[in-house]
């Protein structure tokens, strides 16, 4: 009886959203792999960009939403566990896509530059940001009490978003003062169809983000409910089965 | 607020004077780290000397983690945290006090490590860089103490705080490592760096210190409420 009314995280809205995301992803595959041309210099490696750039965009979007959720939780008038769950769910997706951006970037680097990693300012600060939010997620897992967790995690979310620009600037400054960019950046006119494919990628990934966020947020509601009532329900069920009567009469019988 | 800060800082420093945890454990640990770097980097090739600034501050950061654990641990034992909340002291003052006590210990640590790198790594301080180095240490210490106190309060009372704290704290202080290392290199003249190259980095360290002191003043009270 304590279980929530619904055990599914899907609604009509998320189904429509999911379908739209799938269609856009299929569209992205078509454009990225088949319809867009290969690059004059980079060849087929340029196709990694259609995953890489949308991933990086999502990472920033997700961490921005985490910051909003954290601030909204801390502000007394909007304080609600929903904001906390949105912040947490968004950070999970952000870490996932930051990881994806780093991996795809490394693969692209291996093909184009010949090595996986370079101490480029953007790479370095992205790696730090990745670890920063891995820590945020680890932090969220340590406190079982939702209220305590929400408040501290909200502060951590705010601290993290304050430090991101400082990290970004310091790393930028560090690399530019100490080493000229190893690679001359060519700025070729980006092909129209390439740009369009990139745009499709950003739209598709944003839809995937929204879909994941909604489901994950609802799953967190269920998780909290299950943590709060799980034990009571289990005991009630066992008692109902007659296996563990509280007064021990079953043994006498 | 300042009176509260002085009381809390006095208490933390008095505990340290009596228990000698920093002097007997954290300081030797920091010196040990200096030795380990020498084992990792061949001392004969001049690598140590050219990397002195960075190694010095890495040793400080590693010791910072221990210092923060100690500082936050003081409140965890014997219900000291509840007592602190009951005492009616200004939460912002409590933050300043704890950060101040931590900063005082860090400054001692940095002085010892500074002598350590001169002796062990053959670092060659020059007269023109002394002012830059001293200011760098002061500003860096403020930033590190504020950040450390804040994250120590954040992780306080959590079951896995000892393993969690380094993961949370070290990425945040990465800009401090960059800034302090560059400023110290300028002070030492590593790689022919001019002293004047160091001051912009002190500016970065100052921004960091201000940002985290401000965050601490605002957030610490709220973080102390639930433990």
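We did not get these values from a lab; they are worked out from the coordinates using the rules stated. Everything quoted here is computed from the prediction, not taken from an experiment. Methodologically, a virtual Cβ is constructed for each residue, glycine included, from the backbone with ideal geometry; neighbour enumeration extends over all protein chains shown.
Note on residue B:50 and residue B:162: with the Förster distance fixed at 35 Å, the Cβ-Cβ geometry gives a FRET efficiency of about 0.55. Neighbour counts of other Cβ atoms within 10 Å put B:66, B:32, B:74, B:165 in the fewest-to-most order B:32, B:66, B:74, B:165.
Relative to the longest principal axis of the Cα atoms of chain A, the long axis of helix A:81-112 makes an angle of roughly 30 degrees. Rounded to the nearest 10 degrees, the angle from helix A:49-74 to the longest Cα principal axis of chain A is 40 degrees.
With a cut-off of 20 Å on the backbone N, the residues of segment A:80-115 near the modelled label site 7 Å out from residue A:137 along Cα-Cβ are A:83-107.
Summarised in one figure, the compactness ratio Rg/Rh of segment B:2-225, Cα atoms and Kirkwood Rh, is 0.99. Once the Cβ-Cβ distance of residue A:41 and residue A:206 is raised to the sixth power relative to R0 = 22 Å, the FRET efficiency obtained is 0.15. In whole percents, the pair-distance distribution calculated for segment A:20-66 from its alpha-carbon pairs, binned every 10 Å from zero, is 25, 43, 26, 6. The alpha carbon convex hull volume per residue for segment A:100-162 rounds to 78 Å³. With a ≥ b ≥ c taken as the square roots of the eigenvalues of the C-alpha gyration tensor of the protein assembly as shown, please select rounded if a/c is under 1.5 and otherwise prolate if a/b is larger than b/c or oblate if it is not? Taking the square roots of the gyration eigenvalues as a ≥ b ≥ c, the protein assembly as shown is oblate.
A straight line joining the Cα centroids of segment A:121-169 and segment B:130-175 runs 14 Å. Per residue, the Cα convex hull of chain A amounts to 185 Å³. Label sites at residue B:108 and residue B:87, each approximated as a point 7 angstrom past Cα along Cα to Cβ, lie 1.9 nm apart. Taking other Cβ atoms within 10 Å as a rough exposure proxy, A:223, A:232 sort from fewest to most as A:232, A:223. The mean sequence distance of close C-alpha pairs (under 8 Å, at least 6 residues apart), as a share of the length of segment B:147-227, puts its relative contact order at 34 percent.
Between the Cα long axis of helix B:2-19 and the first principal axis of chain B there is an angle of about 70°, rounded to the nearest 10. Taking a ≥ b ≥ c as the square roots of the eigenvalues of the Cα gyration tensor of segment B:150-200, is the shape rounded (a/c under 1.5), prolate (a/b larger than b/c) or oblate? Cα axes put segment B:150-200 in the prolate bin. Shielding value for A:138-148 is 4, the average number of Cβ atoms from other chains within 10 Å of each residue's Cβ. Each of B:44, A:191 was scored by other Cβ atoms within 10 Å of its Cβ. Arranged with the fewest first, they read B:44, A:191.
The calculated FRET efficiency for the pair residue A:119 and residue A:240, based on their C-beta separation and a Förster distance of 56 Å, comes to about 0.35. For segment A:27-66, the residues whose amide N sits under 15 Å from a probe point set 7 Å from the Cα of residue A:196 along the beta carbon direction are A:27-38. Normalised by the number of residues in segment B:2-225, the average gap of Cα pairs under 8 Å and 6 or more apart makes the relative contact order 28 percent. Classified by the C-alpha gyration tensor, segment B:102-227 has a prolate form. Its axis ratio a/c, with a ≥ b ≥ c, is 1.5 or above, and a/b is larger than b/c.
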